[in-house]
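Worksheet: the structure to be examined is printed underneath.
The values are calculated or read from the model by the stated rules, or taken from the named source; none is laboratory data. Not measured: the values here are computed from a predicted model. Cβ: placed from backbone, ideal geometry, glycine included. Neighbour counts: every protein chain shown.
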Amino acid sequence: MKKFVFILVIGFLYFHAGAQQEDFYSKLTKKADIAFSTHEYFKALNLYKDNLKESQNKYEKAYIQFRIAECYRYINDVVKAEASYLKAIQKGYHEPIAILYYADMLKINEKYADAANQYKEYLKYKPDDQYAQMGYKSCSMAAEWMEYPTRYVIENKKELNSKEGAFAAAFANEDYTNVYFTSSRVGSHGEKINPVTGTIFTDIFESTFNKKNQWEKPVSISDTVNSANDDGTPAFTNNFNELYFTRCHIVRGIKLGCKIYKATRPAGDDWTTCEVVPLGSDSVNFGHPSISADGLTMYFVSNMPGGFGGNDIYMA
């Protein structure tokens, strides 16, 4: 009988502790959590930051600080993400995943020795985690590569870049004098702020290399391709008359996700048609296409079930 009562008491204490933990979350934190769950990371970030100042509960503050770090990670602000993960750990956030992501940010920011130490710390909790094992190994590999660099030179093409993001470039003709790339710069189609990233929705831009051996000012491409949503990551077939790209539909509170689209044009003309490439369920994300030389195989990224976790590379 005593044993039965003891089990009941322990069960009650666990239940009571769980109920208390739910009480830690204020209405503003729950509101931020809803935005976070719908991938509106920039919106969630501002809500979390506001509540971090107001909350007097140390457990909630640690949770909020971790969520702030997560938001920075998802919007690719790795410097602020690194600092925020450290603050979350210092505030007593209890999940080991914070240590793992802190290690990731340190590695991305080229602090390889510090990153290696954090991977080792995380592996004390999760010794069989292959991702962390690879992260730890990659730190020593990166340090070795930096000590013995290749002869490749990376040059900043200032005439193409701006203070906004620019990425995923692809040449659009055979002589490499026309380039497409993704950017959130001012002047793109639809100037509303993306609640996920906090920047203007991205579009595909192009630039031409002129006779003065200079890249001309980038301009957004046809409305047939660009939309009020996030458009980007262009990829061409060998004849450059078929364009594959990613479009991410974002409706507040609804996860519509990303899909791959295909645009076509007559040789030497502008884009005339655009349609979604049917690859799977609407609840699954598809993006970042790349087309094989013979045009028969597409490689892409997806979070579809059956992968190794998160986003994986698939072919179709």
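Of all the listed residues (Asn229, Asn241), the sole one being more than 25 Å from the chain's Cα centre (by Cα) and surrounded by 14 or more Cβ atoms within 10 Å (Cβ to Cβ) is Asn241. Among the residues of the range 40-62, the ones that are free of Cβ contacts under 8 Å to residues at least 40 places away in the same chain and under 21 Å from the mean Cα position of the chain (by Cα) come to 5 in all.
Could you look through the range 197-226, keep only residues that are surrounded by fewer than 21 Cβ atoms within 10 Å (Cβ to Cβ) and either in contact with an Asp or Glu (Cβ under 6 Å, 6 or more places away or on another chain) or at positive phi (or both), and pick out the one that is modelled with the lowest pLDDT? Going through the qualifying residues, I end up with Gly198. Restricted to the range 161-187, and to residues that are among the aliphatic types (A, V, I, L, M) and surrounded by 14 or more Cβ atoms within 10 Å (Cβ to Cβ), which residue is farthest from Phe236 (Cα to Cα)? Checking each candidate, the answer is Ala166. Here is the figure for the range 231-258: residues that are under 25 Å from Met304 (Cβ atoms) and at pLDDT 90 or above total 15. The test for being surrounded by 14 or more Cβ atoms within 10 Å (Cβ to Cβ) and not small (Gly, Ala, Ser) holds for Tyr112.
Being under 21 Å from Lys126 (Cβ atoms), in contact with a Gly (Cβ under 8 Å, 6 or more places away or on another chain) and small (Gly, Ala, Ser) is a property that Ala103 has.
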